[in-house]
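This report refers to the structure that appears directly beneath it.
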């Protein structure tokens, strides 16, 4: 059952609130806009004695992630948060966290990477980290931020997974927008996440010395990468299991890929995070006019739900893929991976790439309306199929 | 000296080493190009070689140097270098 209690919070405070309820053993973080409010709010909880967390102030994100690695290696529940250049500064440690199989939870208030310097929301930070071995969850709104945080812990610490999880929300657009959020009660969260599972032991098991992070050369490195690959293969079934359990316990339904008015749709717009709220409004508006359009929202980008997305998209006539990040000289990330996933079918929908909202530019109803118009044209004529557009650029 | 290497699903996750002292099971002797040869007749058991060996490969039994642990000696030659009596010589490995 849900708590039935609502709080008005922005996305950053939502993240901090979820962290408070999780009450991790260690939080090590460095402030960076638009993530600052997450760790600022959380440090307030620490100062007020509302959590038992050991809060480690560090001099950089590189150290924040290093401290989390050390804490998790010692067997602590460790959390952090960052954005953009902060995430970039963590880069090498991201890979280390994933390869040592440490279930760290990190919130990312997605922000454009410099340069030129920009503090607003796009996915260039998280997309750059997509091969680091972290699970990536995406959140359309504050409620989803909250529920993703709570579920992230269950996913990360699952015995088949033991991988770090990144919970993404759009910088400013989500992190600084106040919405109604219905949190669980502290007790519900405590019962749900439970104690650290027995398989998550860490270094500090007395009488049983362990070495974490030894040199791993040609004769073993490949095998350990295979272990990471295999763990990632198990993540989607675990997410499904966690989401179903969450639904049973709290009556909140989440799926790996959300389908919105897509059952009888001829065309769909696919995208992640906050833009999908606007897309749903557009879908509602166009449905009123009898246009058979829907929305598809992957909540997970790593591991990429390739079979799930391909099976959903195969029956539509025209598909638009929205990416809030570019991959200069190649295809945009969500577009590229969706194309690859669709290759297994002989009959495929017309599909087009849209790069949008870089540097936090608003992706408005009007702009998305042009995407819908393109889809209407493309579904019959194929015009624009496999082309790449930059939505709203001058 | 043959090692049986485990496959990915038999190894501890993340490259962790779950027991202490397991470097014994890693035969660094396979890296060697020159091997130390100990001449007991010249040796005065001063233990200079034992003190300097970076791989703990000088074998001492009943207070006397009796030879080298060739499973782990990497053939660096420090022992031969520090021996005041030239009781250790480096000879090319024949493989």
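Values quoted throughout were computed directly from the atomic coordinates according to the rules given, and no laboratory measurement underlies them. What you see is a predicted model; the values in this text were computed from it and never measured. Note that we place each Cβ from the backbone using ideal geometry, even for glycine, and neighbour counts take in every protein chain shown.
Please find, in a Gaussian network model of chain A (springs between Cα atoms separated by less than 10 Å), the residue of A:271, A:107, A:384 whose mean-square fluctuation is greatest.
Taking springs between Cα atoms under 10 Å, the residue moving most is A:384.
Of the candidates A:187, A:383, A:258, which one comes out as most mobile in a Gaussian network treatment of chain A with C-alpha springs shorter than 10 Å?
Most flexible of the set in this elastic network: A:187.
Okay, helix-only estimate at 222 nm for chain B: each DSSP H run of n ≥ 4 adds -39500 (n - 2.57), divide by all residues, round to 500 deg cm²/dmol; what do you get?
On the way: 2 runs with 10 residues, N = 95.
Taking each H run of at least 4 residues, the total per residue is -2000 deg cm²/dmol.
Could you identify which residue out of B:36, B:12, B:84 has the top mean-square fluctuation in a GNM of chain B using Cα springs shorter than 10 Å?
B:12
If you average the alpha carbon positions of region A:55-123 and of region A:263-314, how far apart do those two centres end up, in angstrom?
Going from one Cα centre to the other spans 30 Å.
Please give the helix A:61-73 orientation as an angle from the longest Cα principal axis of chain A, in degrees from 0 to 90, rounded to the nearest 10.
In chain A, helix A:61-73 runs at an angle near 60 degrees to the longest axis.
Which percentage, to the nearest 5, of the DSSP beta bridges contained in region A:257-390 is antiparallel? Show your work: numbers first, answer last.
On the way: 4 of 21 bridges.
Percentage antiparallel, nearest 5: 20.
Calculate the mean, over all residues of peptide A:214-226, of how many other protein chain Cβ atoms lie within 10 angstrom of the residue's Cβ.
Numbers: counts 5, 1, 2, 0, 0, 3, 5, 1, 1, 8, 7, 2, 4.
So the per-residue partner count for this stretch is 3.
Share of antiparallel DSSP beta bridges in the protein assembly as shown, in percent to the nearest 5?
Numbers: 20 of 58 bridges.
Around 35 percent antiparallel, to the nearest 5.
I'd like the mean, over residues of B:9-22, of how many other protein chain beta carbons sit within 10 Å of each residue's own Cβ. Let's see the in-between values first.
On the way: counts 4, 1, 5, 6, 10, 16, 15, 10, 6, 4, 4, 4, 1, 2.
That average works out to 6.
Residue by residue through A:201-209, how many Cβ atoms from other chains fall within 10 Å of the Cβ on average?
Working: counts 0, 0, 1, 0, 0, 0, 0, 3, 5.
If you average over the peptide's residues, the count of other-chain Cβ atoms is 1.
Evaluate E = 1/(1 + (r/R0)^6) for residue A:40 and residue A:191, where r is the Cβ-Cβ distance and R0 equals 22 Å; express this FRET efficiency to the nearest 0.05. Show your work: numbers first, answer last.
Working: r = 28 Å, r/R0 = 1.29.
So, using R0 = 22 Å, E works out to roughly 0.20.
Run the helix sum for chain A: -39,500 (n - 2.57) per DSSP H stretch of 4+ residues, divided by residue count, reported at 222 nm to the nearest 500 deg cm²/dmol. Kindly include the intermediate steps, with their values, before the conclusion.
Details: 14 runs with 158 residues, N = 394.
The helix contribution divided over chain A gives -12000 deg cm²/dmol.
For a footprinting-style exposure proxy, rank A:154, A:280, A:195 by other Cβ within 10 Å, fewest first. Write out the running numbers ahead of the final one.
Values: A:154 22, A:280 18, A:195 8.
Neighbour counts put them in this order, fewest first: A:195, A:280, A:154.
Between region A:331-394 and region A:183-202, how many Å separate their Cα centres?
So the separation of the two Cα centres works out to 41 Å.
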